[in-house]
Amino acid sequence: MNRTPLTSEEEAVWRPLARIVTVLPRALEDQFAHDNGVSLTDYTVLVSLSEAPEGRLRLTDLAQDTALSLSRISRVVEDLVRRGLVRKVKCPQDRRAAHATLTDVGKAKLAAAYPGHLDRVRTFLFDHLSPEEVRAAGPILARLAAALEPPDCSACPDD
């Protein structure tokens, strides 16, 4: 483990990044709650379901997509079910598992939330970057995000 203090160049990257990671979700959360009565987590779940093949995901896959624990995604989905935005159905291949799928009300809520979300993302992020900076940042941020993902152990040997 490298315990060398950060260089001034590294600090110049880390400090603003840490601030963004803290402040941006709060700002987006405020917009969602104010404009649509959904949380940023709700929106993330609705987007994941809307982009899923056949419009449905097993709860374990939805947890992975949204970077939430299985217990947290279960609570979020139950809340979305109570509000009529999501429906849970038994998995045809594994009766112990459940799929989540968007309802028509959920699709409408997602469509209503999208324009405000897009405006905020542009206001907070893209309005401050040139097209060249956007092109350069994409691969860098993708590499950093990939480094945070858990390893794919589908090919790992069993213990």
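Hey, what's the chain come to in accessible area per residue, 1.4 Å probe, Å²?
I get 71 Å² per residue for the chain.
Rounded to the nearest 500 deg cm²/dmol, what is the calculated helix-only ellipticity per residue at 222 nm for the chain, with -39500 (n - 2.57) per DSSP H run of length n ≥ 4?
Value at 222 nm, helices only, nearest 500: -21500 deg cm²/dmol.
If one takes the longest principal axis of the Cα atoms in the chain, at what angle in degrees, from 0 to 90 and to the nearest 10, does the Cα axis of helix 104-124 lie?
10 degrees
Students often get this wrong, so try it: which of (1) 0.93; (2) 1.03; (3) 0.98 is Rg/Rh (Cα atoms, Kirkwood Rh) as calculated from the structure shown?
(2)
Can you give me the angle between helix 8-36 and the longest principal axis of the chain, using Cα atoms only, in degrees from 0 to 90, rounded to the nearest 10?
Taking the Cα atoms of the chain, the angle to 8-36 is about 30 degrees.
Between Ser50 and Asp79, with labels modelled 7 Å along Cα→Cβ, what's the label distance in nm to one decimal, could you check?
In this crude label model, Ser50 to Asp79 measures out at 1.9 nm.
With a 1.4 Å probe and every protein chain kept in, tell me what percent of the accessible surface of segment 4-150 is carbon plus sulfur.
Its accessible area is 59 percent carbon and sulfur atoms.
Considering only C-alpha atoms, what is the centroid distance from segment 117-132 to segment 1-25, in Å?
For segment 117-132 versus segment 1-25, the Cα centre distance is 21 Å.
The values are calculated or read from the model by the stated rules, or taken from the named source; none is laboratory data. It should be emphasised that the depicted structure is a prediction, and the values quoted were computed from it without experimental measurement. Cβ: placed from backbone, ideal geometry, glycine included. Neighbour counts: every protein chain shown. Just so you know, the surface numbers come from the protein's heavy atoms only, side chains and all, with ligands and any DNA or RNA stripped out. Shrake-Rupley method; radii C 1.70, N 1.55, O 1.52, S 1.80 Å.
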